[in-house]
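To start, the structure under review is shown below, and the notes come after it.
Rule-based calculations on the coordinates, nothing more; no lab input. All values derive from a computational prediction rather than experimental measurement. With ideal geometry, Cβ positions are generated from the backbone for all residues, glycine too; neighbour counts draw on all protein chains shown.
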């Protein structure tokens with residue numbers, strides 16, 4: 001992390017859909033030009049957090065600043081990158097058309113905008129090494145290539161905060177490595193703040209400055225070693241968890257032995273009460 005200024009500052013925030021909170025009392029900071037892995041199981045609130053940062057979902061309590069503004073006021077500085085699988089219905093677009101469609105709300109019909117738009121698209125494609133992809137139809141591209149164009153589309157309006165929603169889903173290991181390297185390049189070379197949602201922290205262990213782990217309606221922020229361990233994850237999940245480190249990889253699982261021991265102790269205690 002290279003700067004003391006916060007791109008995002010959340011203080012005891014709560015948000016959700018329907019009657020329940022997806023998370024509550026969540027506090028964290030994302031420094032400018034940092035790479036934060038957003039981890040946690042399905043339903044832990046990762047998508048809700050993205051929507052909140054984009055100003056699409058309202059806080060139920062707490063305070064949230066994005067570049068020292070409300071999320072709605074800062075929206076032009078934030079870009080969202082969905083999963084590549086969502087491009088299937090746009091398969092007939094060529095890559096350049098797809099990237100250009102996002103430039104300043106699609107103002108392609110105004111002549112004096114066209115030169116600026118072309119320059120913005122060229123710059124975005126350069127950042128993802130996507131000029132060859134620009135001439136191909138989306139339906140012809142691999143998942144990793146589509147993901148690169150999604151990042152280019154997000155970059156076309158020069159955001160400062162990039163929200164990447166499960167960009168590694170359904171990609172092979174080589175493509176995953178390329179997308180992680182691209183995200184790290186955006187942080188290192190463009191000074192961009194990256195919030196990178198992933199089910200598996202292993203692909204980002206070597207590049208993430210910190211991890212924001214959501215589970216059990218709450219969350220914790222720190223380095224991967226500080227957060228992805230038995231004690232912290234057991235507290236978040238509310239059940240015994242165990243982190244196995246094998247050949248440089250992390251595996252998170254329910255600690256069945258600890259759970260069984262706790263059940264036995266509770267049964268013995270209850271039996272004593274009934275005697």
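Descriptive notes on the structure:
- Cα shape, the stretch 117-211, gyration tensor, a/c 1.5 rule: oblate
- Each Cα pair under 8 Å and six or more residues apart adds its sequence gap; the mean of these over the residue count of the stretch 105-240 is a relative contact order of 16 percent.
- Across the chain, the mean sequence separation of Cα contacts (distance under 8 Å, 6 or more residues apart), normalised by length, yields a relative contact order of 22 percent.
- Taking 9, 123 and counting other C-beta atoms within 10 Å, the order from fewest to most: 123, 9
- If you wrap the Cα atoms of the stretch 152-262 in a convex hull and average its projected area over all directions, you get 8.2 nm².
- From most to least packed by mean Cβ count within 10 Å, the peptides 29-39, 47-57 give 29-39, 47-57.
- Nearest 10 degrees, 0 to 90: helix 111-127 Cα axis against the chain principal axis: 50 degrees
- Sorting the segments 161-173, 131-143 by their residues' average number of neighbouring beta-carbon atoms within 10 angstrom, most packed first, yields 161-173, 131-143.
- Under the Debye formula (equal points on every Cα, no solvent term), log10 I(q)/I(0) of the chain at q = 0.11, 0.15 Å⁻¹: -0.67, -1.14
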